[in-house]
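The values are calculated or read from the model by the stated rules, or taken from the named source; none is laboratory data. These figures come from a predicted structure and were not determined experimentally. Cβ coordinates were reconstructed from backbone atoms using ideal geometry, including for glycine residues, and neighbour counts include every protein chain displayed. Protein only, heavy atoms only, side chains kept; ligands, DNA and RNA dropped before computing areas. Shrake-Rupley method; radii C 1.70, N 1.55, O 1.52, S 1.80 Å.
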Amino acid sequence: PGIWDGKPVIFGVTKDISKIKLSEEKFSKVFYLNPSVCGLSDLDTGEYVEVNDQFYSLLGFEKNEVIGKTASDLGILTIEANNAVMSKAERNGNVTNIEADLKAKNGDIKHVLLSAENIYVQDKKYRFTVVHDITELKQAEDALLASVEKFRLEFDTSPNSITISRIADGVLVSVNKGFLQMSGYTHKEAIGKVSSEIRSWIDPEECRKFVEEIQSRGEVRNYEAHLQTRSGEIYGLMSASKIDLNGEPHVLTITSDITELKQAEQELIIAKEHAEQSDRLKSAFLANMSHEIRTPMNGILGFADLLKEPGLTGEEQQEYIRIIEKGGARMLNIINDIVSISKIESGVMEVKIEESNINEQIEYIYTFFKPEVEGKGMRLFFKNTLPTIEAIINTDREKLYAILTNLVKNAIQYTDKGTIEFGYNLRRDKASGRDKACLVSTPVIEFYVKDTGIGIPKDRQEAIFERFIQGDTADRMARQGAGLGLSITKSYIEMLGGEIWVESDPEGKSGGKGSIFYFTLPYNYKPREENVITNVVLVYNTDNLINSDISALKILVVEDDDISERLISIALKTISFEVLKVKTGVEAIEACRNNPDIDLVLMDILLPVMNGYKATRQIRQFNKDVVIIAQTAYGLSGDREKAIEAGCNDYMTKPINKNELLTLIQKYFKK
């Protein structure tokens, strides 16, 4: 109020505030409806004068706990952090997107982007603060960084091969140490090269399938690949997936080297096949042995029974006896083969190297088999290519004889017409052996046995040297034999330093038909002034032994088998005046005590009560002079040595051959 021209008046000032009201309304909407945290604080004191609902929601405070308090009072920001924000705002007038950590009422840390600006409201200074919660984004970022770091660490240190290559051209852009070690390349050599140039697939078709699967599905899991690298062939288990690198599609490939695992798997498969084959061979062996034993036994027992028939002529009796002898010889041959293969398998087969004239052995075998071959209407030939003085080598004579005998017998068995030829050639520096392109470095004798028989199929030419396998397994053409002969032959040849192989044309497509077995032995001939070696074949006439210098002997036969005892007693008739018989080792000792004048003891080894070894040792305690000859059906390696060690003078195996028995006795009693 006042006086104007002597009259009372009221003075007033009018201000247009329409724009301020409009600004406050907009600010209010921005403040309260903002999805981010908003706060308004006094610029001088820092105390909050207003906050929106998001503030309470994010930090967990009640409304009455915030207004009039500073951020430091609430513990939202440390004093240092708050002062830093305020200082920056004072310098610049505003703060934009500063990362900060806010502490909620419950202690949780919130990662935020903080922006602040100094503003005037109704002529008063305030700080308007906006906070964006980036906690989840920060956690995701940290997880991503950790994942990237982990990937980088695994990429660098993984023993597996890891590569990154462009999809467009297959060029390698990154490789790890595992790849370099697996491929044999350096980092410099690998980067920039097409991956297939560095590590190619053995099978291109498999590579094509792998690439197509990546392109169609975007990934491949556990794809087995056979790869060729600079370091050699490997088996890899590959997994691949598409990745985006700098906006360009690439392929990340991880390869595990499973070469050793694959080899172990192959070995396991082979072992399984061998086990199955062994089981089949076992069954085949048992069936074959049953056949091979029962067949000659049928002849032996059958014709032995026929010998009892009255009215047989002398010619019929002799024929039956020959059949029985043939069956017995066949059974003995089977047993010898089984014993030989057992010795080979157990590693106790001995090799006795001595000088041997191969010409004489070839000629002897020819003479021995000629009647049998010609009896089948065929012809037998042999070829000796060295003069006698140069045909003497150091080898195991008996094994060489067994090798040649087995091969010739095999040829006779599988040949029904035509010819059989055997012999040898000296190979000094010419091609020899299974691989004819290979020149021999040292001279060898290359033996051969050639026939015009049924031949051997290509897929059976390796198998015939295995245990219990015949070249022709078809029932319609099965031949006599246990399937051990060639296996024994192969083992003998390898023991003597040679090798064996076969060439055969069962179909006759090459103009001939039949088989040729080859084997080599080292030619170790050394000339000497006198080199006369012969393989002596002794033939004894037992009918004349009674007139020899052997005196009538008193003999003790220790044998628990009645048939064996009877056979020995009959064989001794011509050289003994008295034969004593006992069945146990204990009885043998007692008989020797009571009969100190016994000249000879034929001691069986396997006896009831006390075996022959123990009985011999006890007899030697009181009688050093009596001749003791061990006789056993075992016939295994080492038995002779055991017998001599026990005190026996000599040793022989059953079945007892009359000629051999009398010859051995003559060795000790000939005057």
- request: Hey, can you tell me all the residues within the stretch 290-342 that are surrounded by 14 or more Cβ atoms within 10 Å (Cβ to Cβ), farther than 29 Å from residue 484 by Cα and among the small types (Gly, Ala, Ser)?
  value: none
message: Which pairs turn up if I take residues in the stretch 109-127 that are under 16 Å from residue 46 (Cβ atoms) and in a strand (DSSP E or B) and look for partners that are of a type in the set (Gly, Ala, Ser) and open to solvent by 90 Å² or more (accessible area, probe 1.4 Å) with beta carbon separation below 9 Å, at least 6 apart in sequence or on another chain?
response: none
- request: Among the helices (runs of 4 or more DSSP H) lying completely within the stretch 555-671, list those that include at least 2 residues that are of a type in the set (A, V, I, L, M, F, W, C) and touching a residue at least 40 places away in the same chain (Cβ under 8 Å).
  value: 562-571, 658-669
field: Candidate set: the stretch 374-388, residues that are over 14 Å from residue 425 (Cβ atoms) and either part of a strand (DSSP E or B) or of a type in the set (Gly, Ala, Ser) (or both); chosen: the one least open to solvent (accessible area, probe 1.4 Å)
entry: 380
- prompt: What are the residue pairs meeting all of these: first residue in the stretch 227-239, first residue without any contact (Cβ under 8 Å) to a residue 40 or more places away in the chain and over 12 Å from residue 202 (Cβ atoms), second residue in a strand (DSSP E or B) and of a type in the set (D, E, K, R), Cβ atoms under 8 Å, and 6 or more apart or on different chains?
  reply: 237/224; 238/224; 239/219; 239/221
field: Positions within the stretch 432-477 being at pLDDT below 60 and among the aliphatic types (A, V, I, L, M), in sequence order
entry: 437, 439, 440, 469, 474, 477
- line: Scanning the stretch 163-179 for residues that are open to solvent by less than 40 Å² (accessible area, probe 1.4 Å) and either hydrophobic (A, V, I, L, M, F, W, C) or touching a helix residue (DSSP H, G or I) at 6+ places or on another chain (Cβ under 7 Å) (or both) gives 163, 164, 165, 170, 171, 172, 175, 176, 179
Verdict on residue 75 being on the phi > 0 side of the Ramachandran plot and either open to solvent by 100 Å² or more (accessible area, probe 1.4 Å) or modelled with pLDDT of 85 or more (or both): yes
query: Inside the stretch 195-276, counting only strands (runs of 3 or more DSSP E) that do not spill past its ends, which hold 3 or more residues that are among the basic types (Lys, Arg) and either open to solvent by 80 Å² or more (accessible area, probe 1.4 Å) or closer than 19 Å to residue 182 by Cβ (or both)?
result: none
- line: Just one listed residue, out of 531, 535, is of a type outside the set (D, E, K, R), closer than 26 Å to residue 412 by Cα and at pLDDT below 75, and it is 535
- request: Inspect all residues belonging to the stretch 17-34 and state whether any of them is modelled with pLDDT of 85 or more and among the β-branched types (Val, Ile, Thr).
  value: no
query: Residues of the stretch 185-194 being loosely packed, with under 12 Cβ neighbours inside 10 Å and in a helix (DSSP H, G or I), which ones?
result: 188
message: Within the stretch 174-194, does at least one residue satisfy the condition of being touching a His at 6+ places or on another chain (Cβ under 7 Å) and more than 18 Å from residue 232 (Cβ to Cβ)?
response: yes
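Is there a residue being open to solvent by 80 Å² or more (accessible area, probe 1.4 Å), under 30 Å from residue 335 (Cα atoms), under 54 Å from the mean Cα position of the chain (by Cα) and of a type outside the set (Phe, Trp, Tyr) anywhere in the stretch 584-600?
Within the stretch 584-600, none of the residues are open to solvent by 80 Å² or more (accessible area, probe 1.4 Å), under 30 Å from residue 335 (Cα atoms), under 54 Å from the mean Cα position of the chain (by Cα) and of a type outside the set (Phe, Trp, Tyr).
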- prompt: Before we move on, is residue 11 of a type in the set (Phe, Trp, Tyr) and at pLDDT below 85?
  reply: yes
